[in-house]
Amino acid sequence: AADIPEIIPGLREKLPGLAQPPALDSPEANRFRLFDSITSFLKNAAQAQPLLLVLDDLHWADRSSLLLLEFVVREVETCPLLILGTYRDVAVSRRHPLAQTVGGLLREQRFLKIQLAGLTRDEVGQLIERAAGAAPPPPLVEALHGRTEGNPLFLGEVVRVLTHEGLESWPERVTTIPEGVRDAIGRHFNHLSEGCNQAMTTAAVIGREFDFKLLRAISTDYTEEQLLQLVEEALGAHVLAEMPGGVERYQFSHALVQETLLGELSTSRKVRLHARIGEALEELYGANVEAYAAELAHHFSAAEP
């Protein structure tokens with residue numbers, strides 16, 4: 001107990017008689033003693049009554065906190081303690097400290113990783129009904145599910161606006177990206193390099209899906225190798241995903257990510273980029289009329305009106 005007030009200062013007010021722990025020779029020894037004290041506390045508490053420990057938003061945890069988590073997990077294997085950690089995978093790149101922690105814990109026999117999918121149409125309807133206190137019209141459920149792809153964060157923001165303004169406002173609100181969603185996506189891009197932001201903004205004009213050859217043709221500020229590194233940075237941050245079966249073809253992880261990037265461009269800038277895309281398509285596919293027509297149709301069907 002004398003060690004734990006280092007991270008829970010209020011404990012000394014509850015237990016004023018606690019002595020100061022003796023100083024140790026190294027920071028590593030101090031850290032081990034603190035980790036061991038916390039683990040012993042949890043093990044003792046779980047012996048009296050089985051415990052569920054929930055750690056939310058682990059993507060915000062610093063390295064020291066994650067080291068504590070790894071220590072506890074390995075020390076409580078035979079203890080009636082369940083540790084449930086949640087995090088947004090789109091916020092965790094390969095270089096994120098949490099990625100190293102999860103990779104290490106995967107080797108533990110009792111560790112289980114569960115990937116959560118988006119909500120189904122029925123679940124979207126239930127969410128709206130619970131928030132609004134009334135059954136939503138089926139067209140609203142269909143539109144909202146298609147718009148958000150069942151993403152709970154995006155759904156929550158849209159439903160919050162709808163319940164505030166009334167469900168009858170849904171035709172307009174479903175097509176408008178809520179400010180909270182824009183902010184969440186913007187914070188994610190703030191962690192990426194300036195070059196990656198610029199390349200992804202250009203890719204967003206091409207469409208939800210895009211071909212690397214086309215992006216390379218209109219991204220004249222970067223060499224091919226530099227552009228590949230920027231695409232790999234976006235892949236690592238889960239902004240992009242590789243299209244299955246496609247050669248150097250990519251897709252934004254969510255339609256709202258692409259739309260948020262588009263919303264940051266002026267109309268003049270988008271018009272000029274569309275013109276460059278048309279010229280690049282002619283250079284790439286002009287000799288093959290059918291392929292040229294197909295690519296033009298694909299691009300402008302995905303483009304804004």
Subset of the range 48-61 (residues that are in contact (Cβ under 8 Å) with a residue 12 or more places away in the chain and more than 19 Å from the chain's Cα centre (by Cα)): PRO50, LEU51, LEU52, LEU53, VAL54
The range 100-111, subset open to solvent by 60 Å² or more (accessible area, probe 1.4 Å) and within 21 Å of the chain's Cα centre (by Cα), residue nearest to GLU157 (Cα to Cα): GLN100
LEU235 vs. criteria touching an Asp or Glu at 6+ places or on another chain (Cβ under 8 Å), part of a helix (DSSP H, G or I), under 24 Å from ILE177 (Cβ atoms) and open to solvent by 20 Å² or more (accessible area, probe 1.4 Å): yes
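Can you find a residue that is of a type in the set (S, T, N, Q) and under 22 Å from HIS188 (Cα atoms) anywhere in the range 36-56?
Quick first cut of the range 36-56, residues of a type in the set (S, T, N, Q) only: 37, 39-40, 44, 47, 49.
With under 22 Å from HIS188 (Cα atoms) added as a condition, the list becomes none.
No, every residue in the range 36-56 fails to be of a type in the set (S, T, N, Q) and under 22 Å from HIS188 (Cα atoms).
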Complete set of residues in the range 1-49 that are surrounded by 12 or more Cβ atoms within 10 Å (Cβ to Cβ), of a type in the set (Asp, Glu) and assigned to a loop (DSSP other than H, G, I, E, B): ASP3
Helices (runs of 4 or more DSSP H) enclosed by the range 112-177 - at least 3 residues per element that are at pLDDT 85 or above and either of a type in the set (Asp, Glu) or open to solvent by 40 Å² or more (accessible area, probe 1.4 Å) (or both): 121-132, 138-148
Any hit, the range 276-294, residues being open to solvent by 50 Å² or more (accessible area, probe 1.4 Å), closer than 29 Å to GLY146 by Cα and modelled with pLDDT under 85: yes
Test: residue in the range 69-87 that is touching a Phe, Trp or Tyr at 6+ places or on another chain (Cβ under 8 Å), in a helix (DSSP H, G or I), closer than 24 Å to LEU235 by Cβ and of a type outside the set (D, E, K, R): no
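For the range 62-96, how many residues meet the condition of being under 16 Å from ARG187 (Cα atoms) and either without any contact (Cβ under 8 Å) to a residue 60 or more places away in the chain or in contact with a helix residue (DSSP H, G or I) (Cβ under 7 Å, 6 or more places away or on another chain) (or both)? First the steps, then the outcome.
Step one: filter the range 62-96 for residues under 16 Å from ARG187 (Cα atoms), giving 87-93, 96.
Pick out the ones that are also either without any contact (Cβ under 8 Å) to a residue 60 or more places away in the chain or in contact with a helix residue (DSSP H, G or I) (Cβ under 7 Å, 6 or more places away or on another chain) (or both) and you get 87-88, 90-93, 96.
Residues meeting the conditions: 7.
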Qualifying position, being within 30 Å of GLN100 (Cβ to Cβ) and open to solvent by less than 80 Å² (accessible area, probe 1.4 Å), among ALA241, ALA204, ALA255: ALA241
Residue in the range 54-64 that is open to solvent by less than 90 Å² (accessible area, probe 1.4 Å) and in a strand (DSSP E or B) present: yes
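Listed here are the residues, each with its yes/no results for (1) at pLDDT below 90; (2) aliphatic (A, V, I, L, M); (3) touching a strand residue (DSSP E or B) at 6+ places or on another chain (Cβ under 7 Å).
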{"position": "PRO16", "(1), (2), (3)": "yes, no, no"}
{"position": "GLN20", "(1), (2), (3)": "yes, no, no"}
{"position": "ALA23", "(1), (2), (3)": "yes, yes, no"}
{"position": "SER37", "(1), (2), (3)": "no, no, no"}
{"position": "SER40", "(1), (2), (3)": "no, no, no"}
{"position": "ALA48", "(1), (2), (3)": "yes, yes, no"}
{"position": "LEU52", "(1), (2), (3)": "no, yes, yes"}
{"position": "ILE83", "(1), (2), (3)": "no, yes, yes"}
{"position": "ARG94", "(1), (2), (3)": "yes, no, no"}
Test: residue in the range 276-284 that is within 28 Å of ARG94 (Cα to Cα), out of contact with any Pro (no Cβ under 9 Å at 6 or more places or on another chain) and of a type in the set (A, V, I, L, M): no
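Matching residues to (1) in a helix (DSSP H, G or I); (2) basic (Lys, Arg); (3) closer than 18 Å to GLU282 by Cβ:
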| residue | (1), (2), (3) |
| --- | --- |
| ARG182 | yes, yes, no |
| HIS188 | yes, no, no |
| ASN197 | yes, no, no |
| VAL205 | yes, no, yes |
| LYS213 | yes, yes, yes |
| ARG216 | yes, yes, yes |
| THR220 | no, no, yes |
Residues located in the range 149-202, provided they are touching a residue at least 60 places away in the same chain (Cβ under 8 Å) and β-branched (Val, Ile, Thr): ILE177, VAL181, ILE185, THR201, THR202
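The values are calculated or read from the model by the stated rules, or taken from the named source; none is laboratory data. Owing to the predicted nature of the structure, the values given are computational and were not obtained by experimental measurement. Methodologically, a virtual Cβ is constructed for each residue, glycine included, from the backbone with ideal geometry; neighbour enumeration extends over all protein chains shown. For the accessible areas, the whole protein counts, side chains as well, though only heavy atoms, and no ligand, DNA or RNA atoms are used. Shrake-Rupley method; radii C 1.70, N 1.55, O 1.52, S 1.80 Å.
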